[in-house]
1. Starting from 0.36 nm per residue, how many nanometres of slack lie between LYS76 and ASP197 once their C-alpha separation is accounted for?
2. Keeping every protein chain present and rolling a 1.4 Å probe, give me the accessible area per residue for region 190-290 in Å².
3. Compute the Cα gyration tensor for region 140-220, then decide on rounded, prolate or oblate, letting a ≥ b ≥ c be the square roots of its eigenvalues: rounded whenever a/c is under 1.5, prolate when a/b is larger than b/c in the other cases, and oblate in all that remain.
4. Given a Förster radius of 25 Å and the C-beta distance between ARG171 and ILE256 as r, what FRET efficiency does 1/(1 + (r/R0)^6) yield to the nearest 0.05?
5. May I ask you to compute the full-extension gain from GLN277 to ARG178, defined as 0.36 nm times their residue separation minus their alpha-carbon distance, rounded to one decimal in nm?
6. Testing the spin-label approximation: label points 7 Å from Cα along Cα→Cβ at GLN208 and LYS228. State their distance in nm.
7. 7 Å from Cα along Cα→Cβ at both GLU284 and HIS160: what's the point-to-point distance in nm?
8. Express in Å², to the nearest 10, the accessible area of GLU136 obtained by rolling a 1.4 Å probe over the protein heavy atoms while all chains stay in place.
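The values are calculated or read from the model by the stated rules, or taken from the named source; none is laboratory data. Because the structure is predicted, anything quoted here is derived from the model rather than measured. Every residue, glycine among them, receives a Cβ derived from its backbone with ideal geometry; neighbour counts consider all protein chains shown. Side chains are part of the model used for accessible areas, which takes the heavy atoms of the whole protein and leaves out ligands, DNA and RNA. Shrake-Rupley method; radii C 1.70, N 1.55, O 1.52, S 1.80 Å.
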Amino acid sequence: MIAERAGQGGLTVERMCELSGVSRAGFYRQWEASEPRQADTAVRDAVQQVAVEKRFYGYRRVQRELRQRGHWVNAKRVLRLMREDNLLCLRTRRFVPATTDSRPGWRIWPNLARGLVTRNLNELWVSDITYVRLQEEFVYVAVILGAHSRRVIGWALARHLGASLAVEALRMALAERRPAPGLIHHSDRGIQYACADYLTLLAEHGAQPSMSRVGNPYDNAKAESFMKTLKEEQVRGNQWRDLDALRSDLRTFLQITYNHHRLHSALGYQTPAAFEQQISSELELRLLQS
């Protein structure tokens, strides 16, 4: 494949083009003509990486950064990909409290999780969405964690970033935990979490929405940390041929490996499942003694 040949020996596309006397634009045209789906996937992957690293870059700066990294892609295409993948920056007006999104109609909820020290299960849930690259496409994973035990309690996988992806993960978490009213559900300011379907489902179960500040990953540190673990311990080095293959492996990692076998330093080097069992045993003991 063209992409594989371009990467042999550690040479960049730009250097390979220089050695062969071919322009970068010509190289990418040939690649897209011979292997259009793989070429599109590679460009989308590069856009995703730059957008995550440079959180406040607009599409023009992302396009310039891509060219510096050897990807010959025009600004209109970058804009289209960033819009499709919900990567465009959200800019707030000066001196205006961050209570509404720059897009009309989407309410931004206050951050109720900041500084909160949890003492019980189902007191705080945290959520996030990430992407996984397959051979010829990107797919998206939504995850919900119980913040106190770091246990994965809900997840969903889809080819799109629509609201139904996040809603499916939330439905799983609600069915699994059946939380009492008063639960705080924390997320970023993505449309998936601000839409009516998601907020209605939270309200029906007496849960309070909470959202991070713009551009501050520390507000959702537990979810960010989990996504890093997912990428490093499950995604990196694996190549799935299709969505079904990935779904099977993800189910094993999330529900068995991570929850029942992976030791967590913040839990005194217990697994999330063992930590929850300890809490349950201590509660039963207190009830017997009372």
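1. Using 0.36 nm per residue and subtracting the Cα-Cα distance, I get 40.4 nm.
2. Averaged over the residues of region 190-290, the accessible area is 57 Å².
3. The shape class here is rounded.
4. Efficiency, rounded to the nearest 0.05: 0.75.
5. Additional length available on full extension: 33.9 nm.
6. Placing both labels 7 Å along Cα→Cβ, they lie 2.8 nm apart.
7. Between GLU284 and HIS160, the simple spin-label model gives 4.5 nm.
8. Counting only protein heavy atoms, GLU136 exposes about 70 Å² to solvent.
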